[in-house]
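Below: the structure, in structure tokens.
The values are calculated or read from the model by the stated rules, or taken from the named source; none is laboratory data. Only a predicted model underlies this, so the values are computations on that prediction, with no experimental measurement involved. Every residue, glycine among them, receives a Cβ derived from its backbone with ideal geometry; neighbour counts consider all protein chains shown.
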Amino acid sequence: MRIKALLAALAVVTGAGAHAQAPIIIKFSHVVSPDAPKGLAAERFRVLAEQRTHGRVKVEVYPNSQLYKDKEELEALQLGAVQMLAPSLAKFAPLGVKEFEAFDLPYIFPTKAALYAVTEGPIGKSLLQKLEAKGITGLAYWDNGFKVMSANRPLHSPADFRGLRMRIQGSKVLDVQMRALGAVPQVLAFSEVYPALQAHIVDGTENPPSNMYTQKMHEVQKYVTVSNHGYLGYAVIVNKKFWDGLPRDIRTELEQAMREATAFEKTIAQRDNDAALEAIRKTGKTKIYTLTPQEQADWRRALLPVQKQVEGRIGKDLIDAINRTTSQATAPVTTAQAR
């Protein structure tokens, strides 16, 4: 009897030990191609996380809406069905954090330096903190880049948009933006954009070139205008309960892996957008047009009222704070300041 009891106890200990060594699974879901900047950065994070934790963490990356479409993934995260996402910043408004739609304001970020002054400074941190009440922890901002406009007719002036059905993300700011140009905004999930363009359900869309190229949208769009009118970025987020429940040493290693993946992502985003635009050009299927300074001034003039129209939604104080921060980031350095 004593031997049986000893063997039973040994089996329990052995089973517990095997269970304790099972890796922590992080399901990382996103909606873009593995070859897009976000997809490449997610894969880089996977490798770094598994290396740094010596296999104690296993990251499973699911690209191209394999698990959830962009309308579904935030709810899945809150329910714990997935642990990590990198949704575009516009996706947080339906959760009640409308301030993130400030990133959709046209021409609010004149340069990447001005953008990073916001995302890496107090404004960016305070916005991520607003997600905590929704059961979400924000880890980092990932970059994609400035957007181009595409359609099956040339888009050189605001008047060229009149009557076009333009696909947008579910963002009130983007809705107001398209209406300011005379277009009819149509909200569609990212995975639905190509078939909608192909079937002429919508006439055009806006995206950074890397998204457009990796999703083959250029195959069903005759014209692209390099307007750099808006920005598309992401926030890497995790389920707060899951994150807080991780061992502290594991969390520390994952935070470092995320910092390294974020630095990598920023280095490849512009490179990949430039390469994608050139690849689109080489196909010969799509004519690429870059706005002249005068044309861009016309676009800015048409879109400037958007800021005023959405003050009540986003907050005048936040818009003013972003404008002050971006102005300081782009202001020329005087001789006295340099000293």
Unmet requirement for Val59, which otherwise passes all of (1) in contact (Cβ under 8 Å) with a residue 60 or more places away in the chain; (2) buried (at least 22 other Cβ atoms within 10 Å of the Cβ): (1)
In the stretch 32-47, residue nearest to Ser210 (Cα to Cα) [restricted to those that are in a loop (DSSP other than H, G, I, E, B) and in contact (Cβ under 8 Å) with a residue 40 or more places away in the chain]: Ala36
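One line per residue, one yes/no per condition, for (1) out of contact with any Leu (no Cβ under 9 Å at 6 or more places or on another chain); (2) assigned to a helix (DSSP H, G or I); (3) farther than 23 Å from Pro305 by Cα:
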{"site": "Ala93", "(1), (2), (3)": "yes, yes, no"}
{"site": "Glu99", "(1), (2), (3)": "no, yes, no"}
{"site": "Phe103", "(1), (2), (3)": "no, yes, no"}
{"site": "Pro110", "(1), (2), (3)": "yes, no, no"}
{"site": "Ala113", "(1), (2), (3)": "yes, yes, yes"}
{"site": "Tyr116", "(1), (2), (3)": "yes, yes, yes"}
{"site": "Gly124", "(1), (2), (3)": "yes, yes, yes"}
Boolean, Gln169 is touching a Lys or Arg at 6+ places or on another chain (Cβ under 8 Å), buried (at least 22 other Cβ atoms within 10 Å of the Cβ) and not aliphatic (A, V, I, L, M): yes
Given (1) at pLDDT 95 or above; (2) of a type in the set (Asp, Glu); (3) touching a Pro at 6+ places or on another chain (Cβ under 8 Å), number of the condition Asp70 does not satisfy: (1)
Meets criteria (within 16 Å of the chain's Cα centre (by Cα), in a helix (DSSP H, G or I) and either modelled with pLDDT under 95 or surrounded by fewer than 20 Cβ atoms within 10 Å (Cβ to Cβ) (or both)) for Lys4: no
Per-region count, the stretch 230-257, residues in contact (Cβ under 8 Å) with a residue 12 or more places away in the chain and more than 30 Å from Pro106 (Cβ to Cβ): 14
Residues (of a type in the set (A, V, I, L, M, F, W, C) and either crowded, with 16+ Cβ neighbours inside 10 Å or part of a helix (DSSP H, G or I) (or both)) located in the stretch 293-332: Ala297, Trp299, Ala302, Leu303, Val306, Val310, Ile314, Leu318, Ile319, Ala321, Ile322, Ala329
Count - residues of the stretch 100-135 that are among the acidic types (Asp, Glu) and touching a helix residue (DSSP H, G or I) at 6+ places or on another chain (Cβ under 6 Å): 2
Positions within the stretch 171-188 being under 23 Å from Tyr289 (Cβ atoms), assigned to a strand (DSSP E or B) and hydrophobic (A, V, I, L, M, F, W, C), in sequence order: Val184
Residue count for the stretch 138-170, restricted to those that are assigned to a loop (DSSP other than H, G, I, E, B) and at pLDDT below 95: 2
Subset tally (residues that are touching a strand residue (DSSP E or B) at 6+ places or on another chain (Cβ under 8 Å) and either more than 17 Å from Ala140 (Cβ to Cβ) or assigned to a strand (DSSP E or B) (or both)) for the stretch 231-243: 9
Filter result for Thr326 (within 21 Å of Asp104 (Cβ to Cβ) and either touching a Leu at 6+ places or on another chain (Cβ under 7 Å) or at pLDDT 95 or above (or both)): yes
Lone qualifier among Ala86, Ala41, Ala102 - being closer than 18 Å to Glu253 by Cα, crowded, with 17+ Cβ neighbours inside 10 Å and at pLDDT 95 or above: Ala41
